[in-house]
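Student: Have a look at this one.
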Amino acid sequence: MQTERRKGHRIGFVPTMGALHEGHSSLVRKARKLSDIVVVSIFVNPAQFGPSEDLANYPRTLRADKKLLRNLDVEYLFTPGNDEMYPDGFQTWIEFEEITRKLEGKFRPGHFRGVATIVAKLFNAITPDIAVFGQKDAQQAVIIKRMVQDLNMPVKISIAPTVREKSGLAISSRNRYFNAEQLDRASCIYRGLRSGRDLIRSGETDVGKIIKAVRKPIEETKGTITEYVSINDALTLEKLDRIDGKVLISLAVRLDGVRLIDNIAAAPGKSKD
Ligand code: AMP
């Protein structure tokens, strides 16, 4: 990267765990627009998986990933090994206060500690000017911005919108676990989020009522378990009792055991995302 920097090139960076899809491609395109060269990393980070999570079964499709990145004219691909990222004796971690105790952090203790630590390490290794993350992982985006600000990291964070299937289902590497019938059922998640957003747009301020509307189509669908549906301030992720400005509706749902997360932004009277 030193050579690229000497040439005066702006470095754009997209960290991923591989099993690349159209969501990742959109991040690469955004990085391309904002910088001169694009670096993508693929690293299935063990530190962000809990003991009962799907680390061993997480989809790994390196050959197809490389092809996709070639087609997007990505200049550099970084695929470090576990020993390189977590050598013997490793003991330095990035920890947060309030911000990781809610939403995903509550259900996945240690997850954001793993995410933030690997992202910080990748930033140090690659020294990007800009890094692009997806709104799909909304709490992650807030946390990374917080870390960069709190630790004076010299990188600009850009957030790209969630890419969805025609059915509304957010594209995810974990969708590979599903067959067509399951994918069809999974579309209940976005239907729930949309009805919540529509209620907010129409002036509803009662969080309980809105959450009920989000849950309805999901709970009517076979094979779902809703872990949480939450309405939070879009910027601070503070939990809200009443709607009063721009909010984030976020949720985690298990469909036939596979854990899916999604979110949607909403504001009273706004008819655009
Ligand atoms: P992952 O490989 O799942 O760790 O995701 C790598 C990056 O891609 C993260 O910044 C995600 O938020 C982002 N991402 C994943 N799915 C989507 C999607 N459907 N739309 C936009 N960004 C996404």
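Student: Tally time: how many residues in segment 179-203 are farther than 15 Å from ILE261 by Cα and either in contact with a helix residue (DSSP H, G or I) (Cβ under 6 Å, 6 or more places away or on another chain) or of a type in the set (A, V, I, L, M, F, W, C) (or both)?
Tutor: Selection size over segment 179-203: 5.
Student: Another one. Quick check on segment 73-105: of everything there that is among the acidic types (Asp, Glu) and under 22 Å from the mean Cα position of the chain (by Cα), which residue is nearest to ASP137 (Cα to Cα)? Steps first, please.
Tutor: Of all residues in segment 73-105, those among the acidic types (Asp, Glu) come to 73, 75, 83-84, 88, 95, 97-98, 104.
From what is left, the residues that are under 22 Å from the mean Cα position of the chain (by Cα) are 95, 97-98, 104.
Values: GLU95: 18, GLU97: 19, GLU98: 18, GLU104: 10 Å.
The qualifying residue nearest to ASP137 (Cα to Cα) is GLU104.
Student: Take segment 118-136 and flag every residue that is within 14 Å of the ligand (Cβ to nearest atom) and either outside any helix (DSSP H, G or I) or of a type in the set (Lys, Arg) (or both).
Tutor: PRO128, ILE130, ALA131, VAL132, PHE133, GLY134, LYS136, listed by residue number.
Student: Being surrounded by fewer than 20 Cβ atoms within 10 Å (Cβ to Cβ) and at pLDDT 95 or above is the filter here, so list the residues in segment 176-192 that pass it.
Tutor: Taking segment 176-192 first, the residues surrounded by fewer than 20 Cβ atoms within 10 Å (Cβ to Cβ) are 176-185, 187, 191.
Once the filter is applied, which keeps residues that are surrounded by fewer than 20 Cβ atoms within 10 Å (Cβ to Cβ) and at pLDDT 95 or above, segment 176-192 yields PHE178, ASN179, ALA180, GLU181, GLN182, LEU183, ASP184, ARG185, SER187, ARG191.
Student: Answer yes or no as to whether ASP206 is touching a residue at least 24 places away in the same chain (Cβ under 8 Å), charged (D, E, K, R) and at positive phi.
Tutor: So ASP206 does not fit the description; no.
Student: For segment 50-73, how many residues meet the condition of being without any contact (Cβ under 8 Å) to a residue 24 or more places away in the chain, more than 25 Å from GLN2 (Cβ to Cβ) and not in a loop (DSSP other than H, G, I, E, B)?
Tutor: Residues that pass the stated criteria total 3.
Student: Additional query: Consider segment 59-74. How many of its residues are surrounded by fewer than 17 Cβ atoms within 10 Å (Cβ to Cβ) and acidic (Asp, Glu)?
Tutor: Matching residues across segment 59-74 total 1.
Student: Just one of (1) away from the ligand (no atom under 11 Å from the Cβ); (2) in a helix (DSSP H, G or I) trips up HIS24, so point out which.
Tutor: Status for HIS24: all satisfied but (1).
Student: If you don't mind, there's one more thing I want to ask. Scan (1) part of a helix (DSSP H, G or I); (2) within 19 Å of ILE11 (Cβ to Cβ); (3) aliphatic (A, V, I, L, M) for the single condition LEU77 breaks and write down its number.
Tutor: (1)
Student: Scan GLY89, GLY81, GLY110 and give me the residue that is crowded, with 16+ Cβ neighbours inside 10 Å and either small (Gly, Ala, Ser) or within 27 Å of SER230 (Cβ to Cβ) (or both).
Tutor: Answer to the selection: GLY110.
Student: Out of everything in segment 1-58 that is modelled with pLDDT of 95 or more and among the charged types (D, E, K, R), what residue ends up being surrounded by the most Cβ atoms within 10 Å (Cβ to Cβ)?
Tutor: My answer is LYS30.
Student: Identify all residues within segment 8-18 that are more than 7 Å from the ligand (Cβ to nearest atom) and either part of a loop (DSSP other than H, G, I, E, B) or free of Cβ contacts under 8 Å to residues at least 12 places away in the same chain (or both); write none if there are none.
Tutor: GLY8, HIS9, ARG10
Student: Could you count how many residues in segment 157-174 are near the ligand (Cβ under 7 Å from one of its atoms) and assigned to a loop (DSSP other than H, G, I, E, B)?
Tutor: 5
Student: Taking segment 28-49, which residues are touching a residue at least 40 places away in the same chain (Cβ under 8 Å), aliphatic (A, V, I, L, M) and part of a strand (DSSP E or B)? Let's see the steps before the verdict.
Tutor: Within segment 28-49, the subset touching a residue at least 40 places away in the same chain (Cβ under 8 Å) is 28-32, 34-35, 39, 41, 43, 45-49.
With the extra rule that they be aliphatic (A, V, I, L, M), the set shrinks to 28, 31, 34, 39, 47.
Listed by number, the list holds a single entry, VAL39.
The values are calculated or read from the model by the stated rules, or taken from the named source; none is laboratory data. Computed from a prediction, not measured in an experiment: that's the story for all the values here. Methodologically, a virtual Cβ is constructed for each residue, glycine included, from the backbone with ideal geometry; neighbour enumeration extends over all protein chains shown.
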